[in-house]
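These notes are about the structure you will find just below.
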Amino acid sequence: MTDAREARLAVERRAFAKKLSKIVARNEKIIYCDQTTFLSNAKPQRTWMHIDHPSLLTPLNYTQLKSISVYGSISNCHSRPQYMLGTATNIVQMKAFLIKLARSLQNPFMRAKPWLVLDNHSAHHSKKLKQTLNDHFRPLFMPAYSSPFNCQELVWAHVKRAYFVKLHRRDQNFASVEAFRDFVADVLKTTPIC
């Protein structure tokens with residue numbers, strides 16, 4: 001990255017941090033939203049590495065490589081993280097998650113739409129998603145390369161840590177999408193909320 005680009009990103013991050021801190025200080029409703037993907041059929045592979053180094057993960061069968069997308073949010077509107085499993089990271093499934101999220105927030109006493117903090121994934125800027133975003137939320141897009149601003153990233157770190165621990169045990173793969181859904185639900189129940 002060039003020095004000029006780095007300087008511009010630093011300015012954008014400071015401006016974003018200032019705006020976000022004002023929203024938090026006013027105790028407004030705010031939702032941090034993100035999506036991540038898991039390989040459902042990965043296994044640890046032994047390699048010649050230092051004993052403390054984690055094993056590399058390789059797919060069990062490249063022809064049957066399946067991924068599971070998880071859409072999630074954490075907010076001061078809900079007591080637990082909200083999530084939805086999908087088959088891909090795309091506009092249709094992101095819209096379905098946002099509608100599910102909006103329905104969970106329906107409250108006649110809520111005066112203003114909640115803020116929705118998003119990264120710059122292409123689906124978040126699509127014309128098909130813009131209407132849903134503006135109808136139910138006040139979108140707040142993070143600057144590029146600024147994932148530390150999104151609290152949902154901490155939730156994904158917690159879930160992925162548990163996922164890799166499970167995969168490093170012998171023969172502990174997920175037999176089905178339902179098994180993976182149950183695993184994610186169990187991990188999210190134990191996710192610490194700040």
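Read-outs throughout are calculated quantities, based only on the coordinates presented, and are distinct from any laboratory measurement. This structure is a prediction, so every number in the text was calculated from the model and none was measured. Backbone-built Cβ (ideal geometry, glycine too); neighbour counts: all protein chains shown.
Determine, for Cys151, Cys77, the number of other Cβ atoms within 10 Å of each Cβ, and report the residues in order from fewest to most.
Values: Cys151 19, Cys77 16.
Ascending Cβ contact count within 10 Å gives the list Cys77, Cys151.
Given R₀ = 41 Å, FRET efficiency for Ala88-Ala25 by Cβ-Cβ distance, to 0.05? All intermediate terms of the calculation are to be shown ahead of the outcome.
Working: r = 38 Å, r/R0 = 0.92.
It comes to 0.65.
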